[in-house]
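S.K.: Structure below; questions to follow.
The values are calculated or read from the model by the stated rules, or taken from the named source; none is laboratory data. Bear in mind the structure is a predicted one, so any value in this text is a computation, not a measurement. Backbone-built Cβ (ideal geometry, glycine too); neighbour counts: all protein chains shown.
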Amino acid sequence: MSTRPTEPNHNIILATLRDYVEQIVEEGLDGLPISPASLQREPSPRPAATPRESEDASTRPPTAARSETSEAQAAPSAAGTAAALFAVYPGLEKTANLAELRAFIGDCQRCKLAKSRTHLVFGVGNPKARLMFVGEGPGADEDAQGEPFVGRAGQLLTDIIERGMGISRADVYICNVVKCRPPENRKPEPSEIAACQPFLWHQIELVRPQVIVALGSVAAQALLAVKTPISRMRGVWHQARGTMVMPTFHPAYLLRNPADKRLVWSDVQEVMKVLGLPAAKRGRPR
Ligand code: SF4
């Protein structure tokens with residue numbers, strides 16, 4: 001009797017491939033080899049950088065040890081001015097606090113992530129926090145509970161905040177670039193990031209944190225409108241719309257690469273210095 005070969009599980013293949021690409025990108029690889037034939041295709045048009053983006057790039061703090069000027073490229077999802085963002089969703093500019101913003105977002109159907117979500121994960125924490133963490137998007141636990149960073153990666157983030165920085169998780173503000181879970185935990189697509197970005201920027205404007213910690217490549221690239229790998233941005237101060245941004249690795253990456261916790265701890269210590277936080281008594285997170 002002949003047996004039928006097992007069908008490949010495409011989701012597993014995609015998840016494995018994604019993990020591999022994420023890992024090599026976070027290790028600093030800029031790209032993968034492509035065939036000469038693919039170079040002959042018409043390039044996609046890229047929107048020109050807005051004056052504000054140019055200004056942001058030129059006003060980075062002098063403490064930034066590495067220059068990104070030559071490698072920074074306007075991402076497809078790069079936000080324009082605040083006015084342009086508000087124009088995307090008329091009425092957004094009238095929301096004067098986080099509760100009003102959440103009500104404005106409502107049962108949002110503005111991108112295709114709405115179809116598969118259980119809960120829209122808006123954000124949590126102190127509405128006047130001096131420190132804001134921005135991640136990529138909700139995972140399965142976050143989607144189920146409606147709160148950002150509550151799974152294993154969330155526990156590690158809480159450990160970083162409470163054990164490492166010596167402050168309560170309730171004293172910071174935590175949210176994501178996209179508010180709805182991408183299926184199979186894939187990365188959010190540029191169109192999804194662009195659709196949700198007005199909400200993120202308005203959240204930042206309402207909280208007005210002194211420092212934003214961008215967790216992982218998606219958050220850092222969305223906030224800074226660059227395509228630089230996180231491994232080359234982390235540990236260096238950047239600026240987005242007048243707010244200091246410290247990119248660092250995503251806690252989910254640290255779960256797979258615990259040896260890099262020391263790099264995140266170094267980044268966190270830079271943040272603590274700027275915020276004037278004393279060295280935590282109990283030492284760095286485990
Ligand atoms: S990800 Fe953002 S834009 Fe897309 S449906 Fe959710 S809230 Fe709306």
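S.K.: Just need a number here: residues in segment 173-197 that are near the ligand (Cβ under 7 Å from one of its atoms) and either of a type in the set (K, R) or assigned to a loop (DSSP other than H, G, I, E, B) (or both).
M.R.: So the answer is 3.
S.K.: Check A219, A252 and return the single one that is in a helix (DSSP H, G or I), touching a residue at least 40 places away in the same chain (Cβ under 8 Å), away from the ligand (no atom under 16 Å from the Cβ) and under 15 Å from the mean Cα position of the chain (by Cα).
M.R.: Of the residues listed, the single one that is in a helix (DSSP H, G or I), touching a residue at least 40 places away in the same chain (Cβ under 8 Å), away from the ligand (no atom under 16 Å from the Cβ) and under 15 Å from the mean Cα position of the chain (by Cα) is A252.
S.K.: Please go through segment 87-136 and give me each residue that is more than 10 Å from the ligand (Cβ to nearest atom), over 13 Å from L206 (Cβ atoms) and of a type in the set (F, W, Y), ordered by number.
M.R.: F133
S.K.: Looking at this structure, is Q239 away from the ligand (no atom under 16 Å from the Cβ) and out of contact with any helix residue (DSSP H, G or I) (no Cβ under 7 Å at 6 or more places or on another chain)?
M.R.: No: the conditions fail for Q239.
S.K.: Based on what the data block shows, is V207 within 15 Å of the ligand (Cβ to nearest atom) and under 21 Å from T243 (Cβ atoms)?
M.R.: Here the answer is no, as V207 does not meet what is asked.
S.K.: What's the number of the condition R241 fails, among (1) modelled with pLDDT under 95; (2) surrounded by 19 or more Cβ atoms within 10 Å (Cβ to Cβ)?
M.R.: Failed condition: (2).
S.K.: Among the residues of segment 194-202, is there at least one that is in contact with a strand residue (DSSP E or B) (Cβ under 8 Å, 6 or more places away or on another chain) and at pLDDT 95 or above?
M.R.: Yes; the residues of segment 194-202 include at least one that is in contact with a strand residue (DSSP E or B) (Cβ under 8 Å, 6 or more places away or on another chain) and at pLDDT 95 or above.
S.K.: Kindly check whether there is at least one residue in segment 127-148 that is under 16 Å from the mean Cα position of the chain (by Cα), assigned to a helix (DSSP H, G or I) and touching a residue at least 12 places away in the same chain (Cβ under 8 Å).
M.R.: yes
S.K.: A follow-up question, please. For residues that are part of a loop (DSSP other than H, G, I, E, B) and surrounded by fewer than 20 Cβ atoms within 10 Å (Cβ to Cβ), tally how many sit in segment 198-216.
M.R.: Result for segment 198-216: 2.
S.K.: Please count how many residues of segment 149-172 are part of a helix (DSSP H, G or I) and either among the hydrophobic types (A, V, I, L, M, F, W, C) or modelled with pLDDT under 95 (or both).
M.R.: Number satisfying all stated conditions: 6.
S.K.: Taking into account only those residues within segment 96-122 that are closer than 17 Å to G139 by Cα and polar (S, T, N, Q), which is surrounded by the fewest Cβ atoms within 10 Å (Cβ to Cβ)?
M.R.: Checked segment 96-122; the qualifying residue surrounded by the fewest Cβ atoms within 10 Å (Cβ to Cβ) is S116.
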